[in-house]
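The values are calculated or read from the model by the stated rules, or taken from the named source; none is laboratory data. Please read all numbers here as calculations on a predicted model, not as lab measurements. In this analysis, Cβ positions are derived from the backbone assuming ideal geometry, glycine residues included, and neighbour counts consider all displayed protein chains.
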Amino acid sequence: MRTNRELDVSYGLTAVAVCFDDRTALGGVDFAVPEGRVSAVVGGDGAGKSTLLHCLAGTVQHARGEVRRPAKDVLGFMPSQSGTWANLTVDENISFVSSAYGLGGSALRRRREELLERADLGSARNRLAGDLSGGMRHKLGFIMAILHEPELLLLDEPSTGVDPVSRVELWRMIAETAANGTAVALSTTYLDEAERSSSILSARQGVAVASGTVADVIDQVGGTITARTAPTTTPARGGATRPSTSGIHPGTSGVREGTPPRPRRGRVPTGSRGCRDRTDAGSARGRTVSTAAPDVPALGYVDSVTQQFGDHVAVDRVSLSSFHAAR
């Protein structure tokens, strides 16, 4: 944590306009990013979110207005595609970025181990970034962006397309980074993520629609917000309700989960390259079965399948069935 700076320094934009030929990407936008806070810009495609962040980073020039940002060596940026190199391992990605910032020696070793532990990537350090899951790759991109402990961190849709578990872990690291004094600005299309931020800018086609705290933005939006409790029953035809029948797949004549029907035709491979069989002794080997017969309820299933990459277990004894919908 930086203790030699006050946490009231604010980066951001004031009345900034950005134009590409005859198209206005940002039209007089104000956006404050105070240190120790998370500030979010939210909007749909074409709202100007990425342009705003690139303007803050200095990679897009503005036509008018004021941009306040720190020196480039204390600025971190994570692009929307994670910013990792697919043909480098996790460790090699970190080493490559560290060389750009002049980091090395014991300081780099300590920082590397700290961030790999925080991101739960220690066991994947020798894997190629291209072989990581989407969530793991985004976490790697995040720790690369904060490796040099920047004063301003810019994140372009950091959790888009990320699984729910990795999304929670990403937000934990974002919150920890802001708590340590970093000014964090991020773009998102998710309203629930915007609600976690200290301040929000809602944009549409490069123009601010609403801004302020979550409460301020809600007050600026017309309409009524209502809350409803999800029903515990399943709607039936005619508007009536019937109890939920968990465990029964609709349209499969009462076939229960865990007991896939025998397919009319299919294939049962005896093994797969790169897989290590870890089923218990005496049980059937992990297998996959598929069928193309349209009148068979089960499209296919996997039974006790394990997939392993080196020491990393990607799938451990998983069984899954897929079924035709009722016609």
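Tabulated data
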item	result
Pick from the stretch 124-168, criterion among the β-branched types (Val, Ile, Thr) and either touching a Pro at 6+ places or on another chain (Cβ under 9 Å) or in a helix (DSSP H, G or I) (or both), ranking: modelled with the highest pLDDT	ILE143
Candidates ASP131, ASP163, ASP156 - the one that is out of contact with any helix residue (DSSP H, G or I) (no Cβ under 7 Å at 6 or more places or on another chain) and either farther than 22 Å from VAL74 by Cβ or not aromatic (Phe, Trp, Tyr) (or both)	ASP131
For SER95: the one exception among (1) surrounded by 15 or more Cβ atoms within 10 Å (Cβ to Cβ); (2) in contact (Cβ under 8 Å) with a residue 24 or more places away in the chain; (3) assigned to a helix (DSSP H, G or I); (4) not aliphatic (A, V, I, L, M)	(2)
Qualifying residue in the stretch 142-155 (condition: farther than 22 Å from GLY102 by Cβ and in contact with a Gly (Cβ under 9 Å, 6 or more places away or on another chain))	yes
ASP91 being of a type in the set (Asp, Glu) and either under 18 Å from the mean Cα position of the chain (by Cα) or within 27 Å of SER10 (Cα to Cα) (or both)	no
Residue identified as at pLDDT 90 or above, out of contact with any His (no Cβ under 6 Å at 6 or more places or on another chain), surrounded by 16 or more Cβ atoms within 10 Å (Cβ to Cβ) and not in a strand (DSSP E or B) among GLY27, GLY36	GLY36
Hey, LEU13 part of a strand (DSSP E or B), closer than 18 Å to GLU151 by Cβ and either at pLDDT below 95 or of a type outside the set (Gly, Ala, Ser) (or both) or not	yes
Residue list for the stretch 199-209, filter: surrounded by fewer than 16 Cβ atoms within 10 Å (Cβ to Cβ) and under 20 Å from the mean Cα position of the chain (by Cα)	none
Which listed residue, of THR224, THR245, THR241, THR188, is surrounded by 10 or more Cβ atoms within 10 Å (Cβ to Cβ), modelled with pLDDT of 70 or more and of a type in the set (Val, Ile, Thr)	THR188
Options GLY48, GLY44: the member that is farther than 13 Å from ALA185 by Cβ and surrounded by fewer than 22 Cβ atoms within 10 Å (Cβ to Cβ)	GLY44
In the stretch 51-80, residue surrounded by the most Cβ atoms within 10 Å (Cβ to Cβ) [restricted to those that are in contact (Cβ under 8 Å) with a residue 40 or more places away in the chain and more than 19 Å from PRO34 (Cα to Cα)]	THR51
